[in-house]
Amino acid sequence: MSTPELELSAPRVSVDAQRWPDVARVPGGLRARVAAVVADRLFRRAAARLDVRVEYPDGTVLGAGGETGSTTGTDCRILPRMIIRRPDNFARRLGHDGLIGFGEAYMAGDWTASDPVAVLTPFAAEIGTLIPLRLQRLRRLFVTKQPAAERNTEQNSQSNISRHYDLSNALFNTFLDRSMTYSSALFDELPAHWDALATAQDRKIDRLLDAANVGPGTRLLEIGTGWGELCVRAAQRGAVVRSVTLSEEQRTLARERVAAAKLSERVQIDLLDYRAVDGEYDAIVSVEMVEAVGYDYWPTYFRSLDRLLRPGGLVALQAITMPHDRMTETRDTYTWIHKYIFPGGMLPSTESIDVTTRALTSLRTIDRLRFGEHYAETLRLWRERFVAHGDRVGDIGFDATFRRMWEFYLAYSEAGFRSGYLDVQQIVFRKENER
């Protein structure tokens, strides 16, 4: 039985055309109509073989191996429902902008879902095969390139970081736990519960600090401050901490939290690009920051770690990774995540990290832990809390389109980990005396 909120009538999503011009605008013209026909056929073909139930206003139902045009289907499983509310708009966006259009269609309310993660996970699992290979090659000729202003040069990086992390500390406070830690937790058991999240974040941080041998007197560099939890826990061990960030909002709150812990004499937090850091450190910790560096700057990032670390020192890195073949296929592609969430970013593969560090630095991998299923649970807890606090998010000043965008981002990310397409790792490097 259909739930009332998922009826096929158009949802009440009002899009502010000044703030969200590309979401308010549906591609038009002959080229858009032709592309929409092709996109519609490709989408229906892909959906028909996935474990989803795609419903159209005319009664068409696709999914779970059903044929295009079927209206009932014989599969007795309860499948996640994807409701296509405006098929023409959905197809036009998909044809004109690919996966960017797919996300914008959700923001506009052209489609919705009973459970966005359950719908997106089968698509994520088959992302490399949804479009026939010959058409993938053809599409590369028309792929949108990264805007020059979003390349992570020293001039652009602060603007890129600010667009996400300086949205509002109050926004992040609506869905993060008391530690204000915005990276994967490490739980002691799965599935996870909200009450266990803060402890799981402490466990993740402590494991990184242990791996980097951080203790009394350690000269520690943190690249990417977040809201200061790692600084505090490292200083409580007796370390002398320098942390750098490009987010003014994060630096302000992190300094307040350090001061409240009476650790200001041990912690220095600078608004500084990692490329401009000086000094020599016994250990370096960087949590889910390499993803924001950008493909072209990975060599610079790892050389910076090598330059700043004393011989024999340790680096503890937490990184989200993706399959190497998909990384190489998509490294020049401008995506929905780039446009709306993380401008300038790129997820590395395990292979790209290994090749870069071995070829260009004295850093050698000595330990690795993979825990992608823990990130899926972390994201679920964040998403559930964000949705539950939707009114608070609105009161802060974020409209309904933003809230749909953020829900899609969290669901999209969770689906990547649920499907196994994404992983997260803690990687420990030691700096050898000679290359």
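So here's what we get for this one:
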read-out: Unmet requirement for Arg33, which otherwise passes all of (1) more than 29 Å from the chain's Cα centre (by Cα); (2) surrounded by 13 or more Cβ atoms within 10 Å (Cβ to Cβ); (3) modelled with pLDDT under 90; value: (3)
read-out: All helices (runs of 4 or more DSSP H) inside segment 188-289 with 1 or more residues being acidic (Asp, Glu) and more than 30 Å from Thr300 (Cβ to Cβ); value: 197-211, 248-260
read-out: Subset of segment 383-425 [of a type in the set (Asp, Glu) and in a loop (DSSP other than H, G, I, E, B)]; value: Asp399
read-out: Qualifying positions in segment 275-301 - farther than 21 Å from Ser184 by Cβ, in contact with a helix residue (DSSP H, G or I) (Cβ under 6 Å, 6 or more places away or on another chain) and crowded, with 19+ Cβ neighbours inside 10 Å; value: Tyr281
read-out: Which listed residue, of Gly224, Gly238, is at pLDDT 95 or above, buried (at least 19 other Cβ atoms within 10 Å of the Cβ), on the phi > 0 side of the Ramachandran plot and in contact with a Ser or Thr (Cβ under 9 Å, 6 or more places away or on another chain); value: Gly224
read-out: Considering residues of segment 347-366 that are more than 16 Å from Met322 (Cα to Cα) and among the aliphatic types (A, V, I, L, M) only, the residue surrounded by the most Cβ atoms within 10 Å (Cβ to Cβ); value: Leu363
read-out: Unique residue being crowded, with 20+ Cβ neighbours inside 10 Å, modelled with pLDDT of 95 or more, more than 16 Å from Leu42 (Cα to Cα) and of a type in the set (Gly, Ala, Ser) when the list is Ala108, Ala91; value: Ala108
read-out: Which listed residue, of Lys262, Lys339, is within 21 Å of the chain's Cα centre (by Cα), among the basic types (Lys, Arg) and either modelled with pLDDT of 95 or more or under 25 Å from Thr378 (Cα atoms) (or both); value: Lys339
read-out: First in segment 112-123 and touching a residue at least 24 places away in the same chain (Cβ under 8 Å), second anywhere and in a strand (DSSP E or B) and among the small types (Gly, Ala, Ser), Cβ under 6 Å, 6 or more apart; value: Val119/Ala113
read-out: Restricting segment 136-165 to residues that are closer than 23 Å to Asp325 by Cβ and either assigned to a loop (DSSP other than H, G, I, E, B) or in the same structural domain as Tyr340 (by TED's automatic domain parsing) (or both), the residue that is modelled with the highest pLDDT; value: Gln146
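Table: residues versus (1) among the hydroxyl-bearing types (Ser, Thr, Tyr); (2) over 26 Å from Leu167 (Cα atoms); (3) under 14 Å from the mean Cα position of the chain (by Cα); (4) not in a loop (DSSP other than H, G, I, E, B).
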site: Arg326; (1), (2), (3), (4): no, yes, no, yes
site: Thr333; (1), (2), (3), (4): yes, no, no, no
site: Gly344; (1), (2), (3), (4): no, no, yes, no
site: Ile353; (1), (2), (3), (4): no, yes, no, yes
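The values are calculated or read from the model by the stated rules, or taken from the named source; none is laboratory data. Only a predicted model underlies this, so the values are computations on that prediction, with no experimental measurement involved. Backbone-built Cβ (ideal geometry, glycine too); neighbour counts: all protein chains shown.
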